[in-house]
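Peer 1: Below is a structure I'd like to ask you about.
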Amino acid sequence: MVTGLPRRAALRLSGLAALSVTPCRSAFATEQDSLQVAARLTATALARELDRQWARLRAVQTEVERGQATQPAAELRRIMSTAQQAAPHTIWIGVANARDGKVIAASGAVLEGVDVSARPWFQAGRTRNYAGDVHGAQLLVTALRRDPRDEPLRLIDFTTPLRNAAGQVVGVLGSHVDWRWVTAIIASAPIPQGAQVALLSQEGNVLFGPEGQWLTASPRPPLSLVLQAQDAPSLGWRVVGLPAGTLRSRG
């Protein structure tokens, strides 16, 4: 009775088993590397553009504060409109009085005289630089007279305090940026072929990309943080690399 294989035959079989496993592991590692690159490149592109948007707002802040004591509403409106036209993805930019929350001047005179004191961007902007995550538009939907049949307007916010010569906060400079600008950055990122990405909020909610089993998969898909400049308010976004077949756009 034969109780085992000859040593040479056993070694041959073990070698064949190793050959069958190694390519699978190698293919998995290659795919993971590709997905990590996709996440990193997209996160870098987003961080770069978010920093540029913040720099635009800081430039407007400097211009307003430099001549704030003498600038009438008409001049402030001109500054806001010029800034909005220079970056069309900025849907609205305006200055609100820090005391009562009423809009003093804005691009296209939109929302001027309106009380925005209850809006999160205004409340945060009275004390600090602030970036607000994606949300639906409220006041602007009516003010811009958008067709209700159009795609719902979704925005992110950039806000900063305005100070007088004594350093006192006298106003809040706020801007609303079209969410489609963000999704366009993601779509144009130079990621490897066969990879896609999803964008997660700081809380882990899917802002762009598919929801499903990949959220709890093990091992987890490769992830990169959207690391902005130190002086820029961060949204805390994260980008996840996914195989191309996974993605169904929600943007």
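Peer 1: Highest mean first, what order results for 226-234, 156-164 on Cβ atoms within 10 Å?
Peer 2: In decreasing order of mean packing, 226-234, 156-164 become 156-164, 226-234.
Peer 1: Return one quarter of the surface area of the convex hull spanned by the alpha-carbon atoms of the range 111-214, equal to its mean projected area, in nm².
Peer 2: 9.9 nm²
Peer 1: Can you work out D for the range 34-85 in µm² s⁻¹ from Stokes-Einstein, where Rh is the Kirkwood radius over C-alpha pairs, the temperature is 4 °C and the viscosity is 1.567 mPa s?
Peer 2: Translational diffusion coefficient: 99 µm²/s.
Peer 1: Counting residues in the range 73-137 as N, plug N into 2.2 N^0.38 Å and put the Cα Rg over that result.
Peer 2: Expressed relative to 2.2 N^0.38 Å, the Cα Rg reads 1.09.
Peer 1: Hey, any idea what % of the range 126-169's accessible area is carbon plus sulfur with a 1.4 Å probe?
Peer 2: 47 percent
The values are calculated or read from the model by the stated rules, or taken from the named source; none is laboratory data. None of these values were measured; they are calculated from a predicted model. Here the Cβ is made from the backbone with ideal geometry for all residues, glycine too, and neighbour counts use every protein chain on show. Just so you know, the surface numbers come from the protein's heavy atoms only, side chains and all, with ligands and any DNA or RNA stripped out. Shrake-Rupley method; radii C 1.70, N 1.55, O 1.52, S 1.80 Å.
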